[in-house]
Amino acid sequence: MTECIFCKIARAEMKAQVIYSDEDVVAFRDINPQAPTHVLVIPRKHIPSIADCAPDDLPLLAKVLQTGAKIAEMESIRESGYRLVLNAGPDAGQAVNHLHVHVLGGRKMTWPPG
Ligand code: DGP
């Protein structure tokens, strides 16, 4: 069993505000929200980063992204707009080494990101 915190959330061994889950993915509210909606979508499978995605993982990755869009619907930010963010590696600020997509919305965003 991995000690990864997101694996623990996926196994319900660690508390999180889970708003969606199925056999492949889990979505929960970020502990340190950067927008009115800030949800993380993870695969249940432990993949450290997008850089570690194997060709066989691509359907799962597609499901993670599609779940991000589903969460945006659930959070009523489809029309106002939202951002899906996937950080990889130190320069991008990836802090948790379990692939995750941030769903951010509910406020106007700036570009380029900081
Ligand atoms: P990243 O920088 O892309 O690796 O983002 C990791 C995010 O994970 C960060 O926004 C904070 C969030 N996070 C870290 N630990 C926990 C936790 O234990 N619970 C929840 N809900 N979110 C966490």
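Select from region 1-86 those chymotrypsin sites (Phe, Trp or Tyr not before Pro) which occupy a DSSP coil region and have at most 13 other Cβ atoms within 10 Å, ordered by residue number.
Nothing satisfies the criteria.
Leaving out same-chain residues fewer than 8 places away, which lysines sit with a Cα under 16 Å from that of K70? Leaving aside lysines fewer than 8 places away in the same chain, none come within reach of K70.
For K15, the lysines whose Cα comes closer than 20 Å to its Cα, not counting residues fewer than 8 places off in the same chain, are K45.
The mean of 1/r over all distinct Cα pairs in the chain, once inverted, gives the Kirkwood hydrodynamic radius of 14.4 Å. Residues whose amide H comes within less than 5 Å of that of Y20, counting only those at least five positions distant or on another chain, are A27 (H built at 1.01 Å from N in the peptide plane). The gain in end-to-end length when the D52 to R11 segment is fully stretched comes to 12.6 nm, 0.36 nm per residue minus the alpha carbon separation.
First compute the accessible area of the chain with a 1.4 Å probe, then give the percent of it belonging to carbon and sulfur atoms.
The nonpolar share, carbon plus sulfur, comes to 54 percent.
The calculated P(r) of region 66-114, using every Cα pair and 5 Å bins from 0, goes 5, 19, 26, 20, 18, 10, 1 in percent. Across D52, D30, D91, mean-square fluctuation computed from a Gaussian network of the chain (C-alpha pairs under 10 Å connected) peaks at D91. Cysteines in the chain lacking any other cysteine Cβ under 4.7 Å from their own Cβ: C53. Solvent exposure of the chain, expressed per residue, is 60 Å² of accessible area, with all protein chains present and a 1.4 angstrom probe. Within region 66-114, the GluC sites (Glu not before Pro) that combine a DSSP coil assignment with at most 12 other C-beta atoms in a 10 angstrom radius are E79.
The values are calculated or read from the model by the stated rules, or taken from the named source; none is laboratory data. Worth saying up front: this structure is predicted, and the values here are computed from it rather than measured. All Cβ positions, glycine included, derive from the backbone under ideal geometry; neighbour counts span all protein chains shown. Areas reflect the complete protein model, heavy atoms only, side chains present, ligands, DNA and RNA absent. Shrake-Rupley method; radii C 1.70, N 1.55, O 1.52, S 1.80 Å.
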